Structures are given as structure tokens and as C-alpha cells.
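Here, each number is a calculation from the coordinates, and none is a lab measurement. Computed from a predicted model, the values in this text were never measured in an experiment. Virtual Cβ from ideal backbone geometry, glycine too; neighbours counted across all protein chains shown.
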Amino acid sequence: MRIELAYDYASPWSFLACATVHERFAGLDVVYLPAYLRGFEAFREGMPYSSAKLAYLLQDFQRLADQLGIDVRAPSAFPINGVHALRGAIAAQREGVFHDYHRAVFAAAWQEDRNVSDPEVVRAIAREVGAPAVADAIGDPAIKDALRADTEAVVRRGAFGVPTLFVGEQMFWGQDRMAEAARVARGEPARSAPRSRAEAWVFARRWAAAWSRLDVEAVLAHFADDVVFTSPLAKQLTGTARVEGKAALRAYWSAAVKPTKSMRFDVTDVAWSAEDRYLTIVYDRVKDGTRAHCTEHMKLGAGGQVILGEAFYGA
């Protein structure tokens, strides 16, 4: 699946996102969406930040760049107006020189302290990367209309700033959401194994909430495809207490909940061994008004999904 990345050269966070896109989105198809920041509602009437916040943003940008190992230089003219550079990006896409132009403009703005708010600077950058046609197209009314349409399209999809990432119908805002967007695009499990008892509690609550909604698919999201699950109820319904594989588990649980009108799982305690990735969940199950004290033992894989499970139901 592809990832769509809405950006503006005026945004330091767009710069960091695009500077790390190849390593973070390796193997994924990335589509770049030019989006004029000042075309968003919050920026339409002017910069919505105080001078103190702008100063902080640059400090925070520097800190994060240092963490990522990216050399940066805060621009002397800040904030930046990215309109001319974005028009150039559209022209560069049409001319087949987008990636060279894109890297050069971001480097000029955030590493070389060149004023990309100035259309003449943008034209010079286009010529430096061997794209004189891009330099000539920046003032083209058709290019201006295209940027306006591209920005409006991103806004209609729910974006309110940049960088914004789209994976299908899902939207992620900010360069700090790149890992999550990549995970969704790759179809990877949502969570890694808990690293503490507190995180084990989070796992248990999510698992219990899914059962309380009678949402079998949400419960199954916690289990690996090759899970082996043992339950005395399974023996009653299927003839064997041992259920092997997610498909068989889906069939068993779907049959088990079919006659159920209401269900609630109240987690009362958890025990977690991070070294062995063993989780014990102690809970009360209230099924159609009848309460039972229950325990489930689970072994989680490194990806945070259950690979072995066993349930015990009391009175």
C-alpha cells in the first residue's frame, strides 16, 4: 500500500519527515502532495503563533534534528512562505525532476539559510538542478491553480497542517507519526509486547474491552495467526479443548458468542513476566447477567500478539 505525504517547504517538520522518508518508508510507495500551509484555515489570516512559540519551535526543531543526526541551520527569515517553492514542485513533478528539486529546496530552506520565500531564489535553485523549465513555470497561472486545487483536496480529506500522512482512509499528522503510518501501510501488528506491568494492564484492558463489545475480530487482533488456545468451553462446542490457528479460533469464538445478548469483562489483576512474555489476566466475566471468576494465561510473541493461550472459568 502507498503512503501519501502532504508537505510544505515552510514547515520544519515537513523537512524532517522528507529527510527520513527513505529509511522510515523503505519498500513503500510514497506519493508527495504539495499543500500550501497558509491555505489551511488556522493559517489563512496570518501566523497563529506568538513570537515566543515560533522561537520554541525552532529550538525544538534543532533538538529533534540532532536526535535524528540531521544537520540543520535555522533560517534567518522565519516563518517561511512556501508558495513559490510549492509551485515549483508541481512544475518539477510535470518535468520529471521532482526528487532533485525537492531535496534541493528543502536543503536550501533548512540547511543553507537561503530565502525560499523569494521567487528568484526558488528559480535559481531550479536552474541549479538543471530544470530551467521549472524556473520559468513558477508564475504560470495553471501552476498556481494546481497548487490551490492540491491544497483544497488535502483539506477536504481532513488535513489541518503538515506534514500529514494518508494511508488509504487513515490520516496521520506530524513527522512523529511516520512509524505508525508505515506500520499500517505494511499491515504490521499494532503493538509490540508489553515492556512493563503497566503496559500489560493496557493490553488487558483493550482485550477486555473488545470482549465486552462482543467484537470477535477486535479480540482476534491480539492473537497471532498460528496461535494455539486451550479452553474447557472449546471442548464443549468443538469436541476438543485445543484450538489451533486464528481461523479455527474465529470459528470457535463466533459460535460461542452467537447466543450471547450481553457481555462484560472486568479485569481485576494482571501478572506479567517481561523476560518470558507471559501474561496472566484475572477478570470477572458477566455474561447475560451471570458472573464468573476467570483467568487466562497467555504467552506473547515479540510482536505483542498471543501465540499460546489457556482459559480457566470459575463459578
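Points to keep in mind about this one:
- Whole-number D in µm²/s for region 48-148 (Stokes-Einstein; Kirkwood sum over Cα pairs; 10 °C, 1.306 mPa s): 111
- Shape box of region 197-313 [Cα atoms, principal axes, largest first, Å]: 38, 28, 21
- Taken along its principal axes, the alpha carbon cloud of the chain reaches lengths of 78, 36, 34 Å, longest axis first.
- Take the chain and mark each of the chymotrypsin sites (Phe, Trp or Tyr not before Pro) that is in a DSSP loop with at most 14 other Cβ atoms within 10 Å; the longest unmarked stretch, sites excluded, is 161-315.
- Note on residue 292 and residue 177: with the Förster distance fixed at 41 Å, the Cβ-Cβ geometry gives a FRET efficiency of about 0.50.
- Region 1-101 - Debye-derived log10 I(q)/I(0), Cα point model, q = 0.21 Å⁻¹: -1.28
- Angle of helix 197-212 to the longest C-alpha principal axis of the chain, folded into 0 to 90 degrees and rounded to 10: 70°.
- Rounded to 5, the percent of DSSP beta bridges in region 2-186 classed as antiparallel: 55
- Beta bridges by DSSP in the chain, antiparallel share as percent, to the nearest 5: 80
- Förster radius 25 Å - calculated FRET efficiency between residue 44 and residue 1, Cβ distance, rounded to 0.05: 0.20
- Inter-probe distance in nm under a simple model that places probes 7 Å from Cα toward Cβ, at residue 77 and residue 217: 5.2
- Debye intensity ratio in log₁₀ form over the Cα atoms of region 245-299, taken at each q of 0.17, 0.19 Å⁻¹: -0.71, -0.83
- Percent of alpha-carbon pairs separated by more than 19 Å within region 2-186: 57
- For region 90-149, the alpha carbon convex hull comes to 78 Å³ per residue, rounded to a whole number.
- Rounded to whole Hz, the Karplus (6.51, -1.76, 1.60) HN-Hα couplings of region 274-290, x for glycine and proline: 5, 5, 9, 6, 9, 10, 10, 10, 9, 8, 9, 9, 10, 10, 6, x, 9
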